[in-house]
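*Asks:* Input: one structure, supplied below.
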Amino acid sequence: MALRYPLIHFTRRAVQPSALELLRTVGQQHTFATFAPPVTQDATGSKGPTAMVFMNMGGPSTTNEVGDFLSRLFADADLIPLGRLQSYLGPLISRRRTPKIKEQYAAIGGGSPIRKWSEYQSSEMCKLLDKLSPETAPHKPYVAFRYADPLTEETYNKLLEDGFGRGKGGRAVAFTQYPQYSCSTTGSSLNELWKWRNRLEGKDGSAGIKWSVIDRWPAHPGLVNAIAGNIENQLATYPTERRGDVILLFSAHSLPMSVVNRGDPYPAEVAATVHAVMHHLNFSNPYRLVWQSQVGPSAWLGAQTSIAVEEYVKKGHTELILIPVAFTSDHIETLYELDKEVIGEAGHEGIKRSESLNGNPVFIDALADIAHKHLMSGQSCSSQMRLRCPSCKSEKCLQQKKFFAEQGSLL
């Protein structure tokens, strides 16, 4: 299977009415937002303006961008460790895979929707934050992708153009859109951000952008409620008498076992999300956590999603729901790998997928709540982020973590 990394209504235990809900306009339509004009350092609250930078791996918006996307992806040793031959094997693998991956993106509409959804989510969240936290307003939405436009370098330059940094100071929050932390995803994105900060503002960073990091949120109640609500909606499509027997398969992107054995926290944090969702559902159905998108001959974290579905079908289980648990929007892993390959090739109407988070208003409320609590905490990053993996030997990781930890109190 080719590499594809990344990456409403509700019933019981729904989120109670809150300030977030009251801020929403009745009948608001979820059209994609237009960007606010640039903010400047004289357009502030007492602690604003604040740049909210959504970090993700990204995806090619058109098939013409697939080659460059794969080249950057296979060049990243944090994501796909290829050892000393990375500079040779990375370009070779990306060139060989480009034609096939282009066909897959063409099959889901000609490109990934991840940029569209990321820009929408960040813009809608900032509208809520302006009202929830006027002292740190205005909140300006940005998106910084690791392997696709807008790249981290492009976004950092946009921050500087908009009046942050370059002797003017200003505050920015790097908000990971990987709910569960991995050195291969959030860690890689932060390494890239730290690299461009040093290149564009200098290592001493005098009067540079003051950064803080939201580095993980695997069991936030809003995230849990949004995922659980989507599961309940899909369960409602099965006959009542069989509903409780439907198997729930939570699917997350896999990791090489070399990364897992180094002490990466990702498997435990994904499991925390799954347990929180099942607790919300009162453990109504049998469930398993499975892993997708592994590539190459080396050992990866399993069981594989595709194999799990095949084996359950052989055992007579033909009613299953696949649940994307580590992705915040649709992209090729959901629209092609799960929908067209795993579900399509299984050939059973009872095998379905729960909806991705996308424009889910409960999820966007959750993003605003996470950001608001972070802004009020004054912390530059969590204590977990400061801790390196037990077997980490990366000097880059050490210096990146040190930089963000030393940003100090932001209140």
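What follows is calculated from the coordinates using simple rules that are stated; it is not laboratory data. None of these values were measured; they are calculated from a predicted model. In this analysis, Cβ positions are derived from the backbone assuming ideal geometry, glycine residues included, and neighbour counts consider all displayed protein chains.
*Asks:* Tell me which aspartates and glutamates have Cα within less than 17 Å of LYS131's Cα, excluding those fewer than 8 residues away on the same chain?
*Replies:* Within reach: GLU21, ASP365, ASP369.
*Asks:* How many angstrom separate the Cα center of the range 123-169 from the Cα center of the range 343-405?
*Replies:* With the range 123-169 and the range 343-405 each reduced to a Cα centre, they are spaced 18 Å.
*Asks:* Right, next: Rounded to the nearest 0.05, what FRET efficiency do ALA207 and ALA405 have when you use their Cβ-Cβ distance and R0 = 22 Å?
*Replies:* Values: r = 20 Å, r/R0 = 0.91.
Approximately 0.65, to the nearest 0.05.
*Asks:* Would you list which aspartates and glutamates come within 18 Å of LYS158, measuring only between C-alpha atoms, while excluding same-chain residues fewer than 8 positions from it?
*Replies:* ASP42, GLU119, ASP149, GLU192, GLU201
*Asks:* Output the Cα-based Rg and Dmax of the chain in Å, rounding Rg to one decimal and Dmax to a whole number.
*Replies:* Considering the chain through its Cα atoms, Rg and Dmax are 20.9, 66 Å.
*Asks:* Just checking the chain: which Cys have no other cysteine's beta-carbon under 4.7 Å?
*Replies:* By the Cβ distance rule, which asks for a partner under 4.7 Å, the isolated cysteines are CYS126, CYS183, CYS381, CYS397.
*Asks:* Whole angstrom only: what separates the Cα centroid of the range 67-85 from the Cα centroid of the range 206-255?
*Replies:* The range 67-85 and the range 206-255 have Cα centres spaced 28 Å from each other.
*Asks:* Considering the convex hull of the alpha carbon atoms of the range 221-353, report its projected area averaged over all viewing directions, in nm², one decimal.
*Replies:* Computed as one quarter of the Cα hull surface, the answer is 8.2 nm².
*Asks:* To continue, here is another question. Treating only the Cβ of Lys, Arg, Asp and Glu as charged (+1, +1, -1, -1), what charge dipole size does the range 221-353 show about its Cα centre? Round to the nearest 20 debye. Walk me through the intermediate numbers first.
*Replies:* On the way: 9 positive and 15 negative charges, 50 e Å.
In debye, rounded to 20, the range 221-353 gives about 240.
*Asks:* Treat each spin label as a single point 7 Å out from the Cα along the C-beta direction, and report the GLU311 to ARG388 distance in nm.
*Replies:* 3.6
*Asks:* Something else about it: Could you give me the radius of gyration and the Dmax of the range 42-99, taking only the C-alpha atoms into account and expressing both in angstrom?
*Replies:* For the range 42-99, the Cα radius of gyration and maximum Cα-Cα distance read 17.6, 53 Å.
*Asks:* Given points 7 Å out from each Cα along the Cα-Cβ axis, report the LYS396 to ALA299 separation in nanometres with one decimal.
*Replies:* If labels sit at LYS396 and ALA299, their model points lie 2.6 nm apart.
*Asks:* Over 32 Å between Cα atoms: which of LYS210/LYS340; LYS373/LYS396; LYS47/LYS195; LYS116/LYS352 fall into that group?
*Replies:* LYS210/LYS340
*Asks:* In square nanometres, what is one fourth of the surface area of the convex hull spanned by the alpha carbons of the range 351-411?
*Replies:* 7.2
*Asks:* Residues of the range 294-311 with the amide nitrogen closer than 18 Å to a label point 7 Å from the Cα of ASN261, along Cα-to-Cβ, please.
*Replies:* 295-303
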